[in-house]
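Asker: Handing you this structure, nothing more for now.
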Amino acid sequence: MKKKLLVLVLGFIVFTCKSNDDEVSVTPQFYNILSLGDSYTIGQSVCDTCRFPEQLKDSLVADFPDADSFSLRVIAQTGWTTTSLINAIDNENLSNTYDVVTLLIGVNNQYQNRPFSLYEEEFPLLATKAIELAQGNVNKVIVVSIPDYAYTPFGQGFGFSETTSEDIDQYNNFAEGYCNSNGITFINITDITRQGLDNPDLVASDGLHPSELAYSLFVERLLPVVISKIQ
């Protein structure tokens, strides 16, 4: 009887210790996302939750119900050039702990007639900084192509230029070439924005920037890539 009782007690102790070990081994999952850019990242003329970084975060929350949290930080302003974004990053107290960093920049270099050579010089600096912020891991960085505002009412009116689309292609081709040469993921969403005249629902109420719907189409392309990077 005493032997049976001893076996039961020992079995209970082993079971209890094993259960505690299992509980201790569970690591909370926290994911930090950083989005760098300009008006296309801040979501000019759409609601705060309508811009693509927020839609991306919400989609990740839905796809990872067991994750403890997804946090998002956006460093972007309407009108920012590559120079503006570099200065903003330098002025922020950012840690190099982000699980995903997105970068979308350059349209204001083109619109403000900055020399293309400036983009050639500063885009690599921003890409390098994005990698540093992404724990030094190039696989955690995503560069998003520049939308084409020529296919908007604004682009066809006040902002019209016959060379706008050619200019945008020049910027995107440089960025994509740099990314391909350096192992950085490049996601093209420009073709989505070039449907803006045929589908006005893709353009925000200001007649210039992408709408919530357009941003949701951006996220459709971004989401599976981001999932593969954080799994």
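Asker: Pick from the stretch 200-213 the residues that are surrounded by 16 or more Cβ atoms within 10 Å (Cβ to Cβ) and in contact (Cβ under 8 Å) with a residue 40 or more places away in the chain: which of them is farthest from Val138 (Cα to Cα)?
Answerer: Here the residue is Gly207.
Asker: So for the stretch 217-227 (the condition being part of a helix (DSSP H, G or I), touching a Gly at 6+ places or on another chain (Cβ under 9 Å), farther than 18 Å from Leu34 by Cα and open to solvent by 30 Å² or more (accessible area, probe 1.4 Å)), does at least one residue qualify?
Answerer: Taking the stretch 217-227 and keeping what is part of a helix (DSSP H, G or I), we get 217-227.
Still in the running and touching a Gly at 6+ places or on another chain (Cβ under 9 Å): none.
No, every residue in the stretch 217-227 fails to be part of a helix (DSSP H, G or I), touching a Gly at 6+ places or on another chain (Cβ under 9 Å), farther than 18 Å from Leu34 by Cα and open to solvent by 30 Å² or more (accessible area, probe 1.4 Å).
Asker: Taking the condition in a helix (DSSP H, G or I), over 22 Å from Ile33 (Cα atoms) and either in contact (Cβ under 8 Å) with a residue 40 or more places away in the chain or touching a Cys at 6+ places or on another chain (Cβ under 7 Å) (or both), does Asn108 pass? Don't jump to the end; show me each part of the working.
Answerer: Working: in a helix (DSSP H, G or I): yes; over 22 Å from Ile33 (Cα atoms): yes; either in contact (Cβ under 8 Å) with a residue 40 or more places away in the chain or touching a Cys at 6+ places or on another chain (Cβ under 7 Å) (or both): yes.
Considered against the rule, which asks whether it is in a helix (DSSP H, G or I), over 22 Å from Ile33 (Cα atoms) and either in contact (Cβ under 8 Å) with a residue 40 or more places away in the chain or touching a Cys at 6+ places or on another chain (Cβ under 7 Å) (or both), Asn108 comes out as yes.
Asker: Could you name every one of the helices (runs of 4 or more DSSP H) located completely within the stretch 114-199 that has at least 1 residues being open to solvent by less than 50 Å² (accessible area, probe 1.4 Å) and aromatic (Phe, Trp, Tyr)?
Answerer: Numbers: elements: 116-133, 153-156, 164-182, 190-193.
Answer list for the stretch 114-199: 116-133, 164-182.
Asker: For the stretch 180-190, indicate whether the set of residues that are more than 30 Å from Glu132 (Cα to Cα), touching a helix residue (DSSP H, G or I) at 6+ places or on another chain (Cβ under 7 Å) and not acidic (Asp, Glu) is non-empty.
Answerer: Here is the first cut: in the stretch 180-190, the ones more than 30 Å from Glu132 (Cα to Cα) are none.
Among the residues of the stretch 180-190, not one is more than 30 Å from Glu132 (Cα to Cα), touching a helix residue (DSSP H, G or I) at 6+ places or on another chain (Cβ under 7 Å) and not acidic (Asp, Glu), which makes the answer no.
Asker: Of everything in the stretch 72-90, what is under 15 Å from Leu125 (Cβ atoms) and open to solvent by 30 Å² or more (accessible area, probe 1.4 Å)? Give them in sequence order.
Answerer: Result: Trp80, Thr83, Ser84, Ile86, Asn87, Asp90.
The values are calculated or read from the model by the stated rules, or taken from the named source; none is laboratory data. Here the structure is a predicted model, which means the values were calculated and not measured. Positions of Cβ are generated from backbone atoms using ideal geometry, with glycine treated the same way; all protein chains shown enter the neighbour counts. These accessible areas exclude ligands, DNA and RNA; they are computed on the full protein's heavy atoms, side chains included. Shrake-Rupley method; radii C 1.70, N 1.55, O 1.52, S 1.80 Å.
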